[in-house]
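Working notes, structure below.
The values are calculated or read from the model by the stated rules, or taken from the named source; none is laboratory data. Remember, it's a predicted structure, so these values are computed and weren't measured experimentally. Glycine gets a Cβ as well: all are built from the backbone with ideal geometry, and neighbour counts include every protein chain shown.
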Amino acid sequence: MTPKWLSRFLLLLVPVLFSVSTFAKPIDRRINFDHDAKIGRTELHPGDYEIIVDGDHITLKHGKQVVAESAAHWEKRDVKPDSDSIEFGPGNTITEIRFAGNQNVLVIANPLIPAN
């Protein structure tokens with residue numbers, strides 16, 4: 001039987017362990033698009049961009065200007081990619097960003113676009 005204080009300590013420790021990603025250092029990478037792309041409803045034209053991931057929020061900058069922001073969430077995959085990559089869905093919408101050596105991928109929240 002464990003002492004009461006140990007049980008209470010473990011109950012307090014678990015939420016702290018799950019919130020570690022909130023305090024993780026932001027990821028900052030540069031990427032070049034050679035074709036049009038979308039993040040959410042924002043169109044991105046070919047060129048160099050800076051991707052900043054801070055917790056569950058992604059920001060794309062073109063030069064010093066913020067051109068797109070989106071909510072995102074992390075999902076664990078079975079393999080760690082060898083290089084950074086971006087996965088595209090229908091209409092060249094960015095769906096995932098994979099970082100070299102990281103088993104977690106950033107899944108971009110894409111709002112549903114109503115049919116015309």
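Below, the figures for the structure above:
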quantity: Residue under evaluation Gly63, criteria (1) exposed (fewer than 12 other Cβ atoms within 10 Å of the Cβ); (2) modelled with pLDDT under 90, criterion not met; calculated: (2)
quantity: Spans of strands (runs of 3 or more DSSP E) in region 30-89 with at least 2 residues small (Gly, Ala, Ser); calculated: 65-76
